[in-house]
């Protein structure tokens, strides 16, 4: 998403962060296969380290986007109920209820990349069409 808004020239309109809903990878760098894929697409993630979503992030951000229902459950466990309707599955912006393909299980990083790109583009369009 950061790469998309940078390419669109709208970085100044967004504050984008990434937070895990589990603690097992906190502090770790980007997974080597993902780092390779991002590098191939011109995205530098060398300084990125895993951060865990915090309760206060609910108040800090306008939207909290996740990849699948398990992440959504964990977000609600961490942040509490979604009283302001901020929590969304990424693919819902594409008109789908599907989860992003999880390469952790499938080892198919290209399908995950395609899902995420499609979802981020749809999310970006949604935001830009609905900005005040």
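Bear in mind these aren't lab numbers, they're just calculated from the coordinates by the rules spelled out. Computed from a predicted model, the values in this text were never measured in an experiment. Neighbour counts run over all protein chains shown; Cβ positions are idealised from the backbone, glycine included.
Worth a mention:
- P(r) of region 1-77 over all Cα-Cα pairs, binned every 5 Å from zero, in whole percent: 3, 13, 20, 22, 23, 15, 4, 0
- Cα→Cβ-extended label distance, 7 Å offset, between residue 31 and residue 96, nm: 1.8 nm
- Relative contact order (%) - region 2-130, alpha-carbon pairs under 8 angstrom, separation at least six: 20 percent
- Structure-derived semi-axes √(5λ) of the Cα gyration tensor in Å: which label, when the choices are (i) 32, 13, 12; (ii) 21, 19, 16; (iii) 28, 15, 13: (ii)
- Calculated [θ] (222 nm, deg cm²/dmol) that DSSP helices of n ≥ 4 give over the chain, each run adding -39,500 (n - 2.57): -12500 deg cm²/dmol
- Two-site FRET efficiency, residue 15 against residue 81, from Cβ-Cβ distance with R₀ of 25 Å, rounded to 0.05: 0.60
- Residue 22/residue 121 FRET efficiency (R0 22 Å; Cβ-Cβ; nearest 0.05): 0.25
- Overall dimensions of region 58-132 as given by Cα atoms, namely Rg and Dmax in Å: 13.0, 40
- Summary value for region 77-132: 31 percent relative contact order, contacts being C-alpha pairs under 8 angstrom separated by 6+ residues.
- Alpha-carbon centroid distance for the pair region 1-22 / region 28-49, whole angstrom: 15 Å
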